[in-house]
Amino acid sequence: MTITVAEHSGFCFGVREALRKTEETIDKKKDNLGKIFTFGPLIHNDSVIEELAQKGVVAIFDFSETKPGDTVIIRSHGETEQFYEEAKKFQINLVDATCPFVKKIHELVKEATKQGYQVIIVGDPNHAEVKGIKGWTQDRGIVVSSIEEAKMVTADSLFVVAQTTIRQSYFDEIVSELQNKNKVLVKNTICNATQDRQKSCMELAKKSDMMIVIGGKNSSNSKKLYEIAKKNCEKSYFVQNKKDLPLKEVTKCNKIGIAAGASSPERIIKEVIAAMSEAIANKELHEEEMNGMDALMDEIEKSLRLPSRGEVVTGEIVHVTNRYIVVNLGCKKDGIIPKEELTLDGDEELTDLFQEGDEIQAKVIKTDDGDGNILLSKKKLEVNEHWDEINEALENKSVVNAKIVKEVKGGVIAVYKEVSGFIPMSQLSDRFVEKADEFIGKVLPVKVSRVDQRRNKAVFSHKAYLSEEKAKKVAEIWEGLNVGDIVEGTVMRFTDYGAFVDIGGLDGLLHISEISWGKLKHPQEALEIGQKVNVKILSMNTEKGKISLGLKQNQPEPWSIIDEKYQVGQVIKGKVVQIKDYGAFVELEPGLDGLVHISEVAYKRVTNIADEISVGQEVDAKILEIDKERKRISLSIKETLEPPIFEENAEEAEAVSEEE
Ligand code: SF4
């Protein structure tokens with residue numbers, strides 16, 4: 001619980017000064033000041049008034065109650081101009097404790113009246129301060145306390161002031177109505193002390209469960225504070241002193257705010273706080289006692305109650321032997337955990353692992369083991385935890401490590417901590433497994449495929465783990481590849497339309513048309529299984545996961561460099577690759593064929609080319625023409641042959657030879 005006092009609370013400057021002057025006057029009494037009176041109650045606070053009375057200072061309301069030579073103290077509200085004249089007549093000593101701020105208003109309205117303004121005092125016509133102010137306007141000032149009254153003001157040239165303790169919003173509303181008149185001069189004379197108190201009261205009320213406003217029952221500023229508090233905090237109370245406190249309500253609240261009017265002495269504020277604190281402390285003490293009692297009752301109840309079968313209990317180890325552990329469960333029976341109900345590694349001794357005073361958790365197996373103890377098992381509790389882990393792995397699709405312990409029909413038994421599961425043979429690897437011998441004793445990462453805890457059944461899959469890992473690896477490789485990259489691969493298998501090449505865990509298709517610039521009937525004409533090749537990535541289809549590769553791209557396209565290698569007149573060696581009626585095609589190199597027209601096969605007249613040459617035969621041929629535009633090469637075999645010698649030519653040749 002917290003008690004917070006509003007930032008601006010208690011005596012204002014004016015009230016404090018009035019009290020100081022009064023105390024000073026009392027001290028001077030010995031200097032023969034006659035009786036001391038205050039004109040009206042010095043402040044709106046009964047306790048202070050009572051204290052003054054005990055010192056012989058009482059309030060009067062008429063000079064007739066005085067004798068010449070007596071002293072009258074003017075309170076902070078101030079008095080009328082006429083009052084001072086009266087005091088002279090009665091030969092009274094005056095101690096003027098009018099608040100300087102109020103005094104200033106007197107001066108303002110007096111001057112305004114002199115200048116012909118109609119003084120308007122916004123405030124309560126019955127308030128002493130307002131009456132006093134009016135008394136400085138030759139009693140011509142008009143007191144306006146509502147908008148209706150403001151509407152009724154007919155005069156122009158208004159000089160508007162405020163009672164020092166009214167709300168700002170109240171003053172603003174009335175002024176805004178008065179401003180409809182001609183020539184209106186407004187002096188906001190609301191005291192800062194009042195505004196500060198109202199503002200801090202409002203802020204505190206907003207964040208409090210309860211507001212206590214301290215003030216005298218006749219104090220206008222305290223009543224206004226109460227109005228503000230009530231508006232912002234439903235549970236707001238107006239108290240004059242600690243006797244008025246709603247103590248029962250106070251103890252029910254957590255955040256209590258305190259605001260005090262300008263006439264509330266600090267002593268009363270402190271008394272109020274002390275009374276509330278005491279009530280709160282008493283209540284807390286009572287609650288503590290009750291809580292202590294409850295805790296004791298709980299303890300007793302707990303000690304009488306025995307845990308039930310299956311319940312998980314926590315207790316303190318009170319005795320350890322190598323055969324069992326005794327546990328104090330805080331009830332009338334002890335718990336026993338036999339060695340076999342604990343998970344141990346090899347030859348571990350209980351006395352090495354557990355100590356008296358340690359806390360241990362276990363599951364109740366039997367509420368009576370026959371010797372009057374509660375039979376407990378830590379192992380069974382752990383099994384539950386391990387099942388929880390298995391269920392979690394199923395839900396999160398995470399991996400657990402299971403040890404393969406034996407082969408059974410259709411698969412193997414694998415153990416994760418205290419949980420046994422089945423791995424079907426088909427899920428033991430990503431390849432075909434006929435016998436599981438090689439896996440027995442191994443710890444394999446597995447995914448959990450199914451769980452039926454009620455029947456103690458779980459199904460694992462190592463294959464699912466491998467597939468996931470492979471997929472991850474493929475994704476990684478895929479990420480690192482780009483179209484245009486040249487990567488090393490291994491030829492894995494052939495099809496009629498190409499070869500599949502493994503490029504580091506991922507197969508790409510090397511289409512037959514992309515193997516060579518020449519024409520192939522089957523990829524094996526150019527490749528061998530297991531051959532290492534540098535292939536270029538031609539395309540990647542992310543959606544289908546397909547990659548197209550090219551091998552011929554590692555060599556320049558023959559026609560692009562034909563000028564560098566072949567010229568007209570050059571004799572080349574080539575292989576006959578195709579025979580047609582009109583000629584034979586000779587391959588100069590893969591992707592570059594030339595045509596030997598039938599007329600260029602031999603010097604003699606050829607009607608069937610196949611009679612002269614055959615497919616696959618190697619021939620010499622002379623390049624007759626290279627047509628780069630149409631990508632055609634004309635060849636001649638006969639141009640590489642010796643021309644035949646006819647008869648007349650032979651005679652001529654003979655004659656020449658004889659002459660020689
Ligand atoms: S409230 Fe302001 S004007 Fe009134 S007595 Fe206090 S200090 Fe003076």
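The values are calculated or read from the model by the stated rules, or taken from the named source; none is laboratory data. What you see is a predicted model, and the numbers here were worked out from it, not measured in a lab. Here the Cβ positions follow ideal geometry from the backbone for every residue, glycine too, while neighbour counts run over all protein chains shown.
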Residue tally, condition crowded, with 18+ Cβ neighbours inside 10 Å and not in a helix (DSSP H, G or I), over the stretch 544-565: 5
In the stretch 88-109, the residues that are more than 20 Å from ASP27 (Cβ to Cβ) and in contact with a helix residue (DSSP H, G or I) (Cβ under 7 Å, 6 or more places away or on another chain): PHE90, CYS99, PHE101, VAL102, ILE105, HIS106, VAL109
Options LEU108, LEU158; residue that is touching a Leu at 6+ places or on another chain (Cβ under 8 Å) and aliphatic (A, V, I, L, M): LEU158
Search result, residues across the stretch 177-211 that are away from the ligand (no atom under 12 Å from the Cβ) and of a type in the set (A, V, I, L, M): LEU178, VAL184, LEU185, VAL186, MET202, LEU204, ALA205, MET210, MET211
Answer residue from the stretch 107-136, given it is within 14 Å of the ligand (Cβ to nearest atom) and in a loop (DSSP other than H, G, I, E, B) and is nearest to GLU23 (Cα to Cα) among those: HIS127
Filtered residue count, the stretch 25-37, keeping only those that are farther than 16 Å from ALA59 by Cβ and either under 60 Å from the mean Cα position of the chain (by Cα) or at pLDDT 90 or above (or both): 0
Unique match (being touching a Leu at 6+ places or on another chain (Cβ under 9 Å), exposed (fewer than 13 other Cβ atoms within 10 Å of the Cβ), among the β-branched types (Val, Ile, Thr) and outside the structural domain of LEU520 (by TED's automatic domain parsing)) among VAL568, VAL596, VAL586: VAL568
Failed criterion for VAL491 (all others in (1) within 25 Å of GLN531 (Cα to Cα); (2) touching a Lys or Arg at 6+ places or on another chain (Cβ under 7 Å) hold): (2)
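Within the stretch 151-169, identify whether any single residue is within 16 Å of the ligand (Cβ to nearest atom) and among the aromatic types (Phe, Trp, Tyr), and answer yes or no. Explain how you work it out, then say what you get.
First, the residues of the stretch 151-169 that are within 16 Å of the ligand (Cβ to nearest atom): 161-168.
Add one more test, that the residue is among the aromatic types (Phe, Trp, Tyr), and what stays is none.
No - not one qualifying residue is present in the stretch 151-169.
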Residue among LYS104, LYS67, LYS28 that is out of contact with any strand residue (DSSP E or B) (no Cβ under 8 Å at 6 or more places or on another chain), more than 16 Å from the ligand (Cβ to nearest atom) and part of a helix (DSSP H, G or I): LYS28
Selection count where residues are away from the ligand (no atom under 15 Å from the Cβ), touching a residue at least 40 places away in the same chain (Cβ under 8 Å) and part of a helix (DSSP H, G or I), scope the stretch 31-60: 2
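Can we say VAL433 is part of a strand (DSSP E or B), hydrophobic (A, V, I, L, M, F, W, C), surrounded by 14 or more Cβ atoms within 10 Å (Cβ to Cβ) and at negative phi? Lay out the reasoning, then the answer.
On the way: part of a strand (DSSP E or B): no; hydrophobic (A, V, I, L, M, F, W, C): yes; surrounded by 14 or more Cβ atoms within 10 Å (Cβ to Cβ): yes; at negative phi: yes.
No, not satisfied.
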Candidate set from the stretch 457-483 (those that are outside any helix (DSSP H, G or I) and surrounded by 12 or more Cβ atoms within 10 Å (Cβ to Cβ)); member that is farthest from the chain's Cα centre (by Cα): LYS457
Selection within the stretch 212-225 - crowded, with 23+ Cβ neighbours inside 10 Å and either away from the ligand (no atom under 16 Å from the Cβ) or not polar (S, T, N, Q) (or both): ILE212, VAL213, ILE214, GLY215, GLY216, LEU225
